[in-house]
1. State whether the residues of segment 263-285 include one that is assigned to a helix (DSSP H, G or I), among the basic types (Lys, Arg) and out of contact with any Leu (no Cβ under 6 Å at 6 or more places or on another chain).
2. Out of 621, 634, report the one residue that is touching a helix residue (DSSP H, G or I) at 6+ places or on another chain (Cβ under 6 Å), assigned by TED's automatic domain parsing to the domain that holds residue 707, aliphatic (A, V, I, L, M) and not in a strand (DSSP E or B).
3. Can you name the condition, by its number, that residue 259 falls short on among (1) farther than 25 Å from residue 189 by Cβ; (2) touching an Asp or Glu at 6+ places or on another chain (Cβ under 6 Å); (3) part of a helix (DSSP H, G or I)?
4. Show the residue pairs that are 6+ apart or on different chains and have beta-carbon atoms under 6 Å apart, the first residue being within segment 494-523 and more than 17 Å from residue 469 (Cα to Cα), the second being loosely packed, with under 12 Cβ neighbours inside 10 Å.
5. Taking the residues in segment 66-81 that are surrounded by 14 or more Cβ atoms within 10 Å (Cβ to Cβ) and under 21 Å from residue 175 (Cα atoms) as candidates, determine which candidate is farthest from the chain's Cα centre (by Cα).
6. When residues of segment 42-87 are filtered for being outside any loop (DSSP other than H, G, I, E, B) and not basic (Lys, Arg), how many remain?
7. Any residue that is closer than 22 Å to residue 205 by Cα and assigned by TED's automatic domain parsing to the domain that holds residue 153 - is there at least one of those in segment 254-277?
8. So, in segment 395-419, how many residues would count as being farther than 19 Å from residue 288 by Cα and crowded, with 23+ Cβ neighbours inside 10 Å?
Amino acid sequence: MHLARNLSRRTLALALVALAWAALVPAVGAAAPGGKGKARSASVVSGSFIVVFRGSVDAPAEKTDRLERSRGFKSRLRYGKAVKGFAARLSQRQVDELRADPEVAFVAPDRPVKALGAVPLTSGDTAPSGVRRVEAASATSAREASAANVAVIDTGIDLGNSDLNAVDGKNCVGSGPTQDDEGHGTHVAGSIAAKNNGAGVVGVAPGTRTYGVKVLDSTGGGTYSQIICGIDWVTSTRTDADPANDIAVANLSLGGVGAPVQPCSTTTDPMHKAVCSSTSAGVTYVVAAGNDGWDFDYASAPDTPAAYPEVLTVSAMSDSDGKGGATGGAPSCSGTDADDRYASFSNFAATAAGSAHTVAGPGVCIASTRLGGGQAVMSGTSMATPHLAGAVALCLSEGGQSGPCAGLKPAEIVNKVRSDAQGRTTNMPSYGFAGDPTRPMSGAYFGYLWWAGGASPRDTVAPSVASVAPAAGATAVPTSPAVSVTFSEPMDAAAAQSAFSLIRYSDGARVAGSFSWSGNTMTFRPSAALAGGTSYLAKVSPAAKDVSGNALPAEKAWSFKTITTVNASPVAAGVESGSLRSGTYSRLAGDDNVFYDVNSTTSGTRVSAWQGRFAGVTNDVRSIRVNYRGRNSVTCAQTVFAYRWTTNSWVALDSRNVGTTEVLIDRTVSGAPADYVSGTSGDGDVYLRVRCTHGTASFYSSGDQLRLIYTKP
């Protein structure tokens with residue numbers, strides 16, 4: 001890997017991802033991502049190979065010794081923790097012989113990689129705009145140190161820089177300490193953990209211990225074999241005799257175009273296999289997405305390690321003023337980027353698999369520590385990545401207290417960091433940026449911008465249920481309800497949803513449905529309408545947890561009853577004007593072309609009018625709908641009425657001309673439904689009238705169906 005100094009496409013001979021560049025060189029950018037699916041290929045280091053033994057090899061060093069003697073080569077690097085094996089220069093004959101060895105899992109070509117590119121703030125220190133943008137600091141305050149050790153797998157770290165708590169780790173490039181001789185690793189370390197000591201700038205987790213793991217040389221270049229050496233050492237800290245050196249977070253601001261990604265169980269990519277093993281050992285890997293403006297998860301030639309599903313992959317966004325709202329001007333070092341917008345150079349995810357482990361961080365014009373002291377300004381996803389490495393460290397611990405990520409597995413930490421980012425933008429849209437999932441670019445997923453508030457020290461207070469809907473004991477609940485639970489604090493969405501159930505009292509049948517969230521409120525919507533007039537029991541068990549892992553102290557259960565819908569037919573019918581032609585009220589029960597016929601009057605204005613009576617309607621009625629189907633022997637002016645008892649008057653529900661074609665009238669009464677029921681309590685009667693008039697011709701009306709549809713508790 002070489003530390004890139006510009007954002008131009010690499011030649012296919014190099015096929016490397018440039019993840020950082022100096023601020024003095026203008027970026028090559030575009031108005032929108034345009035590299036999705038662009039052809040690319042992976043380079044190899046000619047004659048250099050990585051040999052991975054099978055897991056059954058108990059003594060990899062002894063196995064390597066035997067192979068060196070029998071096959072005539074000398075290994076450059078040896079591995080025994082993340083993977084078992086070695087790296088060496090080999091002839092094709094030696095490669096073939098090793099591949100035939102039953103104890104060798106696979107032999108892979110080595111590949112080139114490049115560097116990709118709250119306590120009071122001490123007087124003399126400033127919080128860079130990127131650290132302020134993610135709310136890890138303000139103009140007057142900063143966060144405290146994390147007890148989690150962070151490995152900077154890079155060009156090394158300036159071990160003598162007084163603004164860093166830097167420790168010598170592992171040199172995979174040569175011999176001696178992991179002293180930075182390029183500057184990239186020192187800049188990365190500063191964004192993670194520059195001290196709050198009045199010496200310049202502060203990092204996301206000021207004063208946190210950073211271990212230099214040197215895998216890139218003085219030009220910013222390196223190979224897979226060197227990175228695997230660094231990953232192997234990081235993994236070894238988890239099992240050696242010194243618990244104080246255990247690495248919890250590893251920052252990889254580097255990458256190159258690699259082979260298609262396979263599952264951990266079948267991968268023949270040795271760097272992926274090493275990351276899989278190290279993640280299983282408890283190390284969270286935070287990786288730069290790359291600076292080519294293309295999709296890092298391009299299937300045939302992905303950017304690695306960015307495309308590995310086990311890592312947290314970081315894209316870059318641009319900020320100029322340390323706050324949201326897109327009110328700042330263009331960043332000081334870039335003429336192609338704008339405030340609160342995706343970085344013009346940043347790689348992105350284009351698949352669901354890539355999107356599932358992507359988050360955004362500030363990566364344009366980032367001020368941080370410089371090799372030899374002072375500050376340097378750089379841009380790149382290299383610069384966005386350490387903001388998230390510091391984020392994971394804070395989430396694990398801060399100021400001597402366990403954080404909300406303590407005890408979580410790396411995959412769970414990745415999910416929490418991304419969930420915190422999504423929650424912040426969802427609850428405060430101005431926090432986001434153009435290009436995030438709320439304002440996406442077509443085909444390009446940059447992720448949500450991480451928020452430092454989600455990494456506050458661990459909350460030990462159990463959550464509670466603040467309110468529920470429908471309320472406990474509610475009746476007349478709609479049969480398509482939204483059942484919601486409002487918690488006292490942000491919850492682990494998956495755990496809360498799993499802890500919720502809605503069951504039918506009568507037979508214990510569980511109701512299926514879907515969930516949505518708004519802030520701390522979880523809403524469940526049944527997939528199908530509930531049964532009417534039926535009691536349901538809603539429950540949230542103690543398996544519901546807040547984002548810090550605190551469980552609900554006791555089950556919350558409440559019941560409600562759905563509304564009952566009644567379809568009623570008349571119990572009587574009588575002629576008001578005109579005369580009965582044929583039939584009785586029973587003919588009005590159904591739409592069956594069996595009619596209740598009423599002759600009109602025979603002189604003056606011809607009128608046909610009749611009434612239907614409905615009995616046993618509760619005064620606690622919640623809604624009334626009238627459904628009438630009928631026709632007339634000639635076209636006449638028809639009106640359907642309902643009697644309002646409180647005003648002793650007929651209220652017109654529908655008026656229209658109706659002739660020989662049967663017409664459906666479907667209307668809801670206006671005002672309070674109980675006004676149309678006789679009496680003031682208990683059950684009463686509802687009266688409906690159908691009236692039709694014609695100026696000169698006698699006629700008859702034919703009622704096919706008259707129904708009263710009402711709801712009650």
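1. yes
2. 621 is the lone residue from the list that is touching a helix residue (DSSP H, G or I) at 6+ places or on another chain (Cβ under 6 Å), assigned by TED's automatic domain parsing to the domain that holds residue 707, aliphatic (A, V, I, L, M) and not in a strand (DSSP E or B).
3. (3)
4. 512/527
5. 73
6. 20
7. yes
8. Adding up the residues that qualify gives 7.
The values are calculated or read from the model by the stated rules, or taken from the named source; none is laboratory data. As the structure is a computational prediction, the values presented were derived from the model and not from experiment. Here the Cβ is made from the backbone with ideal geometry for all residues, glycine too, and neighbour counts use every protein chain on show.
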